[in-house]
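J.: The structure that follows is given in the form of structure tokens.
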Amino acid sequence: MNTIFRFPSGLRLAYKYSPAVRSVGIAVMTAVGSGNETAQNNGISHFIEHMYFKGTKDKSSFEIVEYVDGIGAQINAFTSKQTTCFYTLSIDTEAENCLKILSEILFESTFDKEEMEREKGVVLEEISMCEDDNSDVVLDMLAEGYFGNNPLGRTILGERDNVKNFTRDDLIEYIGNNYCAESSVVSIVGHIEFDKAKELVEKYFEGKFSSNCKRSWHDIRHSTQRSVLHKYKDIEQSNIAIAFPAFEYDSKLTMAEALVNTIVGGGMSSRLFQEVREKRGLAYNVYTYNSSYINNGVMSLYIGTNVESVKKAVDCTLELIEDLRKNGLTKKELERGIAQLKGNYVLGQESNGVMMRVNAKNVLFTDRIFDIDEKLKEIDNITLDQTQEVIDYTYDLSKASLAYVGKKPKCDVNKLI
């Protein structure tokens, strides 16, 4: 049984029954992330996610994790560009206790000032860690260059000065304006009856989200502009990332786009992996992935190579893209891509941890529960004409952006694409 139940406040329950397991996955997802932020408060969504684990009216930060460990469960959270999610995994008999602790951290957190100052140090260390990972740096630069002034171009972790200056009042105000019932979903997947799941969500969540939200998506479609950003650093590997236009979440061409991504750079049999790495030995890491948002999307391509091979690796990639635009996919690639996509989706159904997040996001963004049979049918119906439409729209070099992090190469980075 897959279903959605809407409570009077507007809060939605996304429910999927899995009788063959003894576990329950619970995700509380709200539609707020770095894409909601301004330059002045960039990073606040992520910082709030951290602070929710720093103590409630009845529990210290240690007592929260001690409680979860004591019932044999797992708890975690993440912040993305357009969502923040808190989730648990547990055996079925502990589902109520998991909903209870999630409710406590979301509605009874104290945001103690001393804890805030300590956690600022933790987040600043997280920023430092990401700054040391040059593949992260180049992809953040790529988003900045591709999206420009659109909030989707800002980092999830935020700016250091912003984090240092956040106050308790800033957090309380932001939560009140953004954590809304109508833009939140409680997703429950596993061995629990629907009536019980509904009863528990009503008990622990209904009526507790803000009723005075002033939420704005900040998700207007950006106007793609070609850009090149670079940061020269004395490191061994050169990091190259290229962004192309892609379709928004739940586009009619979403599955065709996923198939094209699979064939171009989504795995070991992909064109990029085989040509750039296996045949020419120009990179260890080379891949593509697509990010879909409300009204926006981006296809990202990453290459990690040595500074002497920068131009060769990019030229090889551009040759592949030119051939792709001219000749499209083959029938054999279409069939392989369909098989790969169907396998990925079916295997994903086996994990409550995956499905609780998939259902939460699908209901949040489309107001529809994820249906595996509909998805498999949609994949089976992908045509070569659809993939060519995706290729023509996405792999348009006149609308591409590039970011580079590494030693200064002999070639002109600004003329790589």
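The values are calculated or read from the model by the stated rules, or taken from the named source; none is laboratory data. All values derive from a computational prediction rather than experimental measurement. Note: ideal-geometry Cβ built from the backbone for every residue, glycine included; neighbour counts use all protein chains shown. We work out accessible area using only protein heavy atoms, side chains counted, and drop any ligands, DNA or RNA first. Shrake-Rupley method; radii C 1.70, N 1.55, O 1.52, S 1.80 Å.
Per-residue answers, yes or no, for (1) over 25 Å from the mean Cα position of the chain (by Cα); (2) assigned to a helix (DSSP H, G or I); (3) within 29 Å of L99 (Cβ to Cβ):
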{"site": "D323", "(1), (2), (3)": "yes, yes, no"}
{"site": "L334", "(1), (2), (3)": "yes, yes, no"}
{"site": "G337", "(1), (2), (3)": "no, yes, no"}
{"site": "Q340", "(1), (2), (3)": "no, yes, no"}
{"site": "N344", "(1), (2), (3)": "no, yes, no"}
{"site": "M355", "(1), (2), (3)": "no, yes, yes"}
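J.: Would you check which residues across the range 277-305 are closer than 18 Å to G406 by Cβ and either basic (K, R) or in contact with a Lys or Arg (Cβ under 9 Å, 6 or more places away or on another chain) (or both) and list them?
T.: Once the filter is applied, which keeps residues that are closer than 18 Å to G406 by Cβ and either basic (K, R) or in contact with a Lys or Arg (Cβ under 9 Å, 6 or more places away or on another chain) (or both), the range 277-305 yields R277, L282, A283, Y284, N285, V286, T305.
J.: Hey, does the range 61-72 have a residue that's part of a helix (DSSP H, G or I), open to solvent by 40 Å² or more (accessible area, probe 1.4 Å) and closer than 18 Å to G121 by Cα?
T.: Scanning the range 61-72, I find at least one residue that is part of a helix (DSSP H, G or I), open to solvent by 40 Å² or more (accessible area, probe 1.4 Å) and closer than 18 Å to G121 by Cα, so the answer is yes.
J.: If I filter the range 304-327 for residues that are at pLDDT 95 or above and within 23 Å of G153 (Cα to Cα), do I get at least one hit?
T.: Yes, some residue in the range 304-327 is at pLDDT 95 or above and within 23 Å of G153 (Cα to Cα).
J.: Hey, any hits in the range 92-108 for a residue that's farther than 22 Å from M356 by Cβ and either in contact (Cβ under 8 Å) with a residue 12 or more places away in the chain or of a type in the set (A, V, I, L, M, F, W, C) (or both)?
T.: Yes: one or more hits.
J.: Could I ask something else about it? Restricting the range 174-197 to residues that are closer than 13 Å to S45 by Cβ and not hydroxyl-bearing (S, T, Y), which is surrounded by the fewest Cβ atoms within 10 Å (Cβ to Cβ)?
T.: It comes out as N177.
J.: Moving on to the next point. Quick one: is G10 in contact (Cβ under 8 Å) with a residue 12 or more places away in the chain and open to solvent by less than 10 Å² (accessible area, probe 1.4 Å)?
T.: Considered against the rule, which asks whether it is in contact (Cβ under 8 Å) with a residue 12 or more places away in the chain and open to solvent by less than 10 Å² (accessible area, probe 1.4 Å), G10 comes out as yes.
J.: For the list (1) touching a residue at least 12 places away in the same chain (Cβ under 8 Å); (2) out of contact with any helix residue (DSSP H, G or I) (no Cβ under 9 Å at 6 or more places or on another chain); (3) open to solvent by 20 Å² or more (accessible area, probe 1.4 Å); (4) within 23 Å of V276 (Cβ to Cβ), I need the number of the one condition that N362 fails.
T.: If we test N362 against (1) touching a residue at least 12 places away in the same chain (Cβ under 8 Å); (2) out of contact with any helix residue (DSSP H, G or I) (no Cβ under 9 Å at 6 or more places or on another chain); (3) open to solvent by 20 Å² or more (accessible area, probe 1.4 Å); (4) within 23 Å of V276 (Cβ to Cβ), just (4) comes out false.
J.: Turning to a different aspect of this structure: Going by the conditions given, is R168 modelled with pLDDT of 90 or more and surrounded by 21 or more Cβ atoms within 10 Å (Cβ to Cβ)?
T.: When the stated conditions are applied, R168 does not pass them.
J.: Also, quick follow-up: Assuming Y289 fulfils every condition listed in (1) within 29 Å of D385 (Cα to Cα); (2) part of a helix (DSSP H, G or I) apart from one, which condition is it?
T.: Looking at each condition in turn, Y289 falls short on (2).
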